[in-house]
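Let me begin by presenting the structure, written as structure tokens, before commenting on it.
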Amino acid sequence: ALGILFFSFNLFSNPAKTSAITFKQITSKNPITISKGGELFNKYCSECHAISEEVYGPALKDIEKRRAKKWVINFILDEEKLMKTNSVAKQMYEESDELHTAFSSELSKEQVEDILKYIKAESSK
């Protein structure tokens, strides 16, 4: 079942609080990979997120310009663990008082990377 994804807009809107951003390693122009990422996005993310508009959670357009790849992957897979060691994740929880659904039991790191490739491709449209 899809969990409730709820967190502050600050999740993806405050680049000053994150490290250098390097999404180049996940850039893919392979239509199969992007399609796979789109399917995963629709299954796991679209209930609460859209690319260009806020739904329940923030819009994800240009996420690669606001957060480091490793941070985003860790947030998606296990926000609670990240929150214990990362002040930005902890602040987001404190502002929303809700945890983002951890998908570690449902998604692999590679699948999350496919989702990020899809978001990057959609962001450029």
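The values are calculated or read from the model by the stated rules, or taken from the named source; none is laboratory data. No experiment lies behind these values; they were computed from the predicted model shown. Glycine gets a Cβ as well: all are built from the backbone with ideal geometry, and neighbour counts include every protein chain shown. For accessibility, only protein heavy atoms count, side chains too; no ligands or nucleic acids. Shrake-Rupley method; radii C 1.70, N 1.55, O 1.52, S 1.80 Å.
Quick notes
- Greater than 20 Å apart at Cα, pairs in Lys65/Lys117; Lys70/Lys120; Lys43/Lys81; Lys36/Lys69; Lys36/Lys117; Lys84/Lys117: Lys43/Lys81; Lys84/Lys117
- Amide H partners (placed H, <5 Å) of Gly57, local residues excluded: His49
- When +1 charges are put on Lys and Arg Cβ atoms and -1 charges on Asp and Glu Cβ atoms, the dipole computed for the range 47-125 relative to its Cα centre reaches about 520 debye.
- Per-residue SASA remark: Ser105, around 110 Å² accessible (1.4 Å probe; ligands, DNA and RNA not included).
- Residue-level accessible surface for Val55, protein heavy atoms, 1.4 Å, Å²: 70
- Each residue was assigned an accessible area with a 1.4 Å probe, and for Ile32 the value is about 130 Å².
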